[in-house]
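Data block below; observations after.
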Amino acid sequence: MNTVDEATDPIRLVRLRCKHATRLISQSMERPLTRGEKISLGVHLFVCKWCRRYRRQLQLMQEMIQEFASIETTHAGTRMPESARRRIEEAIRGS
Amino acid sequence: MFGCEGNIIREMRDVIDETIAPSSDASEWLARHGDALYRYALLRLRSSHAAEDVVQETLLAALRTRGRPEAFAGRSEELTWLIAILRHKLVDYLRRLSKDAPPPEDAGPPAWEAFFQKQGKWHRKPSIWRGRGADDPHALLERAEFRKTLVRCLERMPRRLARVFMLREADGVSSEEICGVFEISTANLWTLLYRARTRLRDCLGVNGFDERQPGEPGRTKGKP
């Protein structure tokens, strides 16, 4: 097993592959990237339009999921099963 | 003897005073907000049984809550208050789950073959997402067809992965808290989120935006 994190291994960073670039893109949503990571990711994004798309689409997805989670609660049509409703009603009365 | 009975009666009256009136409140909450609470829990827990249990716990806890607002300005405020309780119950539930049965290391290889070649290059390259409102989350979500695709893609995610992903991405729960709830390391969390995002992006691309598998006929120019 390789114990060096591929995304931060300096030798890998020199020639960042899409697999590692995408990992850094995802991590940049969780933590500030190091200076070295920023530079190599920047270089990679400059030349790789697919990873640029990946990044844009991940950002879009994040906004979308947040909005979806809130409208899903108040507007969507899924209903609690009737059996569950009755069970909860009984639990409330028995409380 | 009498004193004793008096005590019991007084205790019973106390109990009755405390429970009878509010319990009808909980029935009203259930009638008014049961579905919304259920949907909230279902989207994050991905199990109808778990969602039902958590909604029940929420309503019972809401009854016991001291300092409950006397009156709500409106139904939406009442729901907001219930959801705040639900969030705690939901996280408690997941925490108990991790304690009771620590899940095995995520089973199986991440199946990167689907996304990346051995050398780390894209296998199926992300294409531009086109179509009405393709760069506007709000506009996308207004399309019923797209919402269905999104739901299907989320359902396709393994349950535990989806739970981690939703807490982080939809609710912005902190990494520290999520690591604590699921008993995982930060590095592990980052990997899970990376997988979830990559899978979801791919699923949306293919099913929502007509991204092509390699070798499939597509719109790509310049290929024989």
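The values are calculated or read from the model by the stated rules, or taken from the named source; none is laboratory data. Since the structure is predicted, the reported quantities are computational estimates derived from the model, not experimental observations. Every residue, glycine among them, receives a Cβ derived from its backbone with ideal geometry; neighbour counts consider all protein chains shown.
Run B:R201 past the list (1) touching a Cys at 6+ places or on another chain (Cβ under 7 Å); (2) within 16 Å of A:S26 (Cβ to Cβ) and report the number of the one that doesn't hold.
Condition not satisfied by B:R201: (1).
Across the range B:129-151, what is the total count of residues that are more than 7 Å from chain A (Cβ to nearest Cβ) and not acidic (D, E)?
13
Step by step: first the residues of the range A:1-43, then only those that are part of a helix (DSSP H, G or I) and at pLDDT below 65, then the one that is farthest from the other protein chains (Cβ to nearest Cβ). Which residue is that?
A:P10
Just a yes or no: is a residue in the range B:56-72 loosely packed, with under 13 Cβ neighbours inside 10 Å and at pLDDT 80 or above?
yes
Which ones in the range A:44-72 are more than 7 Å from chain B (Cβ to nearest Cβ), part of a helix (DSSP H, G or I) and either aliphatic (A, V, I, L, M) or closer than 19 Å to A:C18 by Cα (or both)?
Answer for the range A:44-72, where residues must be more than 7 Å from chain B (Cβ to nearest Cβ), part of a helix (DSSP H, G or I) and either aliphatic (A, V, I, L, M) or closer than 19 Å to A:C18 by Cα (or both): A:H44, A:L45, A:F46, A:V47, A:K49, A:C51, A:R52, A:R55, A:R56, A:Q59.
At least 2 residues that are loosely packed, with under 13 Cβ neighbours inside 10 Å and modelled with pLDDT under 90 in each: list the helices (runs of 4 or more DSSP H) lying fully within the range B:74-187 that qualify.
Fully inside the range B:74-187 and qualifying: B:75-100.
Out of curiosity, is B:A41 under 13 Å from A:P81 (Cα atoms), modelled with pLDDT of 95 or more and among the aliphatic types (A, V, I, L, M)?
Here the answer is no, as B:A41 does not meet what is asked.
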